[in-house]
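Every number here is computed from the coordinates shown, using simple stated rules; none is lab data. These numbers were taken from a predicted model, which means no experiment stands behind them. Glycine also receives a Cβ, built like all others from the backbone with ideal geometry; neighbour counts cover every protein chain displayed.
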């Protein structure tokens, strides 16, 4: 599997993701720029990564301008054909603004920027991003956002829950889903969702910041390993 990592004006986690994918996970990475009009040969078996940061300074609304970057039409076409895309933090916001993921990310309920370690757990094993993760197991992953409160209309939220499209929820260090463990007021403690086709994923926490022993935390690597497990299993046949 190849990964295309998009850099927007204001991205600040692109190099982190490139490093983890290329040097930690051993994957081929293509560095993409927001002004490009194609994905340079990525196929539907490959994945586009939209990193965290403050694209276009979060002007108007987080992700609202980045959604109209030239490369985003290629990303939308890629996803509509079944290709994979994974947005982290600001990347999640951009995917929602582009209509590739349901819901929206609103200002944190405390109206403050939050930067700290939190815990999340896989809600199910229905998607490749959480397929190999043990349920009710707390993963310690950092967050850093001011607008991470997930919201969806009641009917949309009901469909997400029914279809196992919630991929991660905020929890305590024992894996319990509690109101106190919710750092930003997200509905139903939602930390990440996927689309109905299970090829587009978004999450607010940063697994790329918790993927190496030198950082004292490798919980994030488990998420990358889950995402890559299907590819590795196919290659082994």
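Computed per residue of the chain from DSSP H runs no shorter than four, each worth -39500 (n - 2.57), the mean residue ellipticity at 222 nm is -6500 deg cm²/dmol.
You can think of it this way: the chain between residue 177 and residue 156 has 5.5 nm of extra reach, that is 0.36 nm per residue less the Cα-Cα gap. For segment 131-237, the spherically averaged projection of the C-alpha convex hull amounts to 8.0 nm².
Fully extending the segment from residue 12 to residue 112 would add 34.1 nm, taking 0.36 nm per residue of separation and subtracting the current Cα-Cα distance. When peptides 215-222, 1-8 are ranked by their average number of other Cβ atoms within 10 Å per residue, the highest-first order is 1-8, 215-222. Each Cα pair under 8 Å and six or more residues apart adds its separation to the average, and for segment 54-99 the resulting relative contact order is 42 percent.
Volume per residue, Å³, of the convex hull around the alpha-carbon atoms of segment 2-236? Working shown, then result.
Details: hull volume 26.7 nm³, N = 235.
Spread over its residues, the Cα hull of segment 2-236 gives 114 Å³ apiece.
Inter-label distance, residue 137 to residue 22: 3.0 nm, where each label sits 7 Å from its Cα along the C-beta direction.
Rounded, prolate or oblate: pick one for segment 1-67, where a ≥ b ≥ c are the square roots of the eigenvalues of its C-alpha gyration tensor, a/c under 1.5 means rounded, and failing that, prolate if a/b is larger than b/c, else oblate.
Details: a/c = 2.67, a/b = 1.55, b/c = 1.72.
Verdict is oblate for segment 1-67.
Modelled this way, with points 7 Å down the Cα-to-C-beta line, the labels at residue 214 and residue 164 are 3.8 nm from one another.
The modelled label-to-label distance between residue 59 and residue 36, using points 7 Å beyond Cα along the C-beta direction, is 2.4 nm. Of interest is the spacing of the C-alpha centroids, which for segment 170-237 and segment 52-80 amounts to 22 Å. Which whole-number percent gives the relative contact order of the chain, counting Cα pairs below 8 Å spaced six or more residues apart? It rounds to 19 percent for the chain. In terms of packing, defined here as the mean over residues of other Cβ atoms within 10 angstrom, the peptides 120-133, 189-202, 86-99, 64-77 line up highest first as 86-99, 189-202, 120-133, 64-77.
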